[in-house]
Amino acid sequence: MKLQVNTLLALYSVMEFAADPQRHIPASEIADKYGVSAHHLAKVLAELARAGVVMSVRGVGGGYRFTANVRRLTLMDIIQLFEDFSPVHHQHGEPETPVDRAIGQVMTEIDQIARATFSSITVATMLRLVERQGSGE
């Protein structure tokens, strides 16, 4: 499964905010860290704010801060804000063949496994994984 750029930016951003939930982090700081435009990232952050994952704080010392629960928010909660998980339909205009149906079934099963995995991993779990990665374990 390949995630869209906006989805990855949302995941990166959530991890940055959740790592220091009391801090207001400017969008430009995260944009610089991940090499994207602040304008593009602002659109992603606006979606996260609408979903209640982050809160926008305006003015001097403003930015965004994490407002969700790290133990309850899953990767899937974030991913589904940006990804379409509707089934892929037959695309070449001819009647669907048994091979088309078999491939569709396999792809559906792969999507179900991915959804179940992403649904089982919380932001708290990811923070621990990031910490272990940083310490070289």
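Under a model in which nothing but the beta-carbon of Lys, Arg (+1) and Asp, Glu (-1) is charged, the chain shows a dipole of about 620 debye around its Cα centre.
Sites listed here are chymotrypsin sites (Phe, Trp or Tyr not before Pro) in the range 29-85 whose DSSP assignment is loop and whose Cβ has at most 16 other Cβ atoms within 10 Å: PHE85. Basic side chains Lys and Arg get +1 at the Cβ, acidic Asp and Glu get -1 at the Cβ, and with that the dipole of the range 8-65 about its Cα centre reaches some 160 debye. Please give the helix 123-134 orientation as an angle from the longest Cα principal axis of the chain, in degrees from 0 to 90, rounded to the nearest 10. For 123-134 against the chain, the angle is about 80 degrees. Taking all Cα pairs closer than 8 Å and separated by 6 or more residues, the relative contact order of the chain comes to 29 percent. Between 0 and 90 degrees, the angle of helix 38-50 with respect to the longest Cα principal axis of the chain falls at about 80 degrees. Principal-axis analysis of the Cα atoms of the chain puts helix 98-120 at an angle of about 20° to the longest axis.
Over every pair of different alpha-carbon atoms in the chain, take the mean of 1/r and invert it; report that Kirkwood radius in Å.
Its Kirkwood hydrodynamic radius stands at 16.7 Å.
FYI, it's all coordinate maths here, none of it is from the lab. Keep in mind that this is a model prediction, so the values were computed, not measured. Using ideal geometry, Cβ is built from the backbone for each residue, glycine included, and neighbour counts are taken over all protein chains shown.
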